Structures are given as C-alpha cells and as structure tokens.
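Asker: Structure in structure tokens, see below.
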Amino acid sequence: MNPFRTEGADPMVRFLQLRYKLFLVLLVFWFLLALNFRIETIVAGVLICGLVTVATFNVLHDDTGYKYHGIRMRTIIVYVFFLFQEIYKASFAYVYNLLAHRYEPVIFDIVLDVDDPILVGIISNSITLTPGTITIDTDTKNHVITVMTLAKPGTTAEELEKPVREKFERLLKRKGDVK
C-alpha cells in the first residue's frame, strides 16, 4: 500500500500530500537565506512558507500533476556558473562601452526555440541580470522576449540575437535534459 496515495483520501490529507514537497523546498530555501535558527525565524519561516505554498500551488500544479518539468541539477549548476561568468564579463564590457560612447540603446525581439514557459522566464531573467541588457517584455505563450541592449549603430537583430541563443538558450534547450 502506498502511504502517499491521494485517491479517495480525506480532503485535508490529500491537500497536505500534494503540497508537502513544495513546502519543504521553500522552508529549506528560507533557512539557507536566513542562516538563523532562532524560534522567531523558524516560526516566521513555517508561516510564510505555508502561505506561499497554499497561494502558489495551483500555479505549478493542476489535476493531472505538475504543469512544468524540472531541469537536471547538473544543468542548473552549469547554467548558474555560466551566468555568473557572463555577468562578470559583461560588467567590464558595459563600463568600457559607456566610457567610450560607441554604443547606443537598441530594442529587438527574439523568438526563443524553447517551449517551456519556465525556460523562457529563466532566459528572460538571465538577460536582465547581465549588465547592458534588460528584458522589456516576455510573452511566454509565443516564446518571444523583447530586449533592450547597447549595440554599435547599424547592428542587425540577428547579430543581437546570436549571443542570447549561444549563451543562454543553448544551455537550457538540450534534448533529454528534462527530468
């Protein structure tokens, strides 16, 4: 007999069984950020994580299960390392370009080759974190991101899309990388 079987279970038991993983992940993250195990912090963490779990569960879950697939831990680690490397490199390039006055702000759209809205969001946030670029709009249904960046005058949209595709999208769209 499966102790986590939810069919025919009491509604409160079913409610808890479906949400405990999200609650535990949020609580671990809370403690990692707080680095404090005083009773006030523990109580606040449990209450806040409980409220967030109840309020956001239906965003990630429906009657058929989780709406989005996970990403392998190895891919997340490689991506975060790569993202920090790009942020570091771009910050120096951004300062140089600001001082040299050679670049101008350019806005362009990029249609991503990923079909998961979570991946579109990750790429969108990664672009914003990189100095000199900002995501203006994200359309998760059509997988389109509107980006503003600094570029040399006359640079084409294809040339501006290339770094996003090579740096961010390539790492996340590997086939078979979804759990």
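The values are calculated or read from the model by the stated rules, or taken from the named source; none is laboratory data. Since the model is a prediction, treat every value here as computed from it, not as a measurement. Virtual Cβ from ideal backbone geometry, glycine too; neighbours counted across all protein chains shown.
Asker: Using beta carbons and a limit of 6 Å, which pairs, at least six apart or on different chains, have the first residue in the range 111-137 and over 17 Å from Phe82 (Cβ atoms) and of a type in the set (Phe, Trp, Tyr) and the second one loosely packed, with under 15 Cβ neighbours inside 10 Å and at pLDDT 85 or above?
Answerer: Matching pairs, first to second residue: none at all.
Asker: On to the next question. Within the range 50-84, how many residues turn out to be modelled with pLDDT of 70 or more, surrounded by 10 or more Cβ atoms within 10 Å (Cβ to Cβ) and of a type in the set (Lys, Arg)?
Answerer: Selection size over the range 50-84: 1.
Asker: In this structure, is Thr156 modelled with pLDDT of 85 or more and touching a helix residue (DSSP H, G or I) at 6+ places or on another chain (Cβ under 9 Å)?
Answerer: So Thr156 does not fit the description; no.
Asker: Still on this model: How many residues are surrounded by 14 or more Cβ atoms within 10 Å (Cβ to Cβ) and out of contact with any Asp or Glu (no Cβ under 6 Å at 6 or more places or on another chain) when one looks only at the range 138-157?
Answerer: Taking the range 138-157 as the starting set, the residues that turn out to be surrounded by 14 or more Cβ atoms within 10 Å (Cβ to Cβ) are 138-140, 143-151, 155, 157.
Pick out the ones that are also out of contact with any Asp or Glu (no Cβ under 6 Å at 6 or more places or on another chain) and you get 138-140, 143, 145, 147-151, 155, 157.
Number of matching residues: 12.
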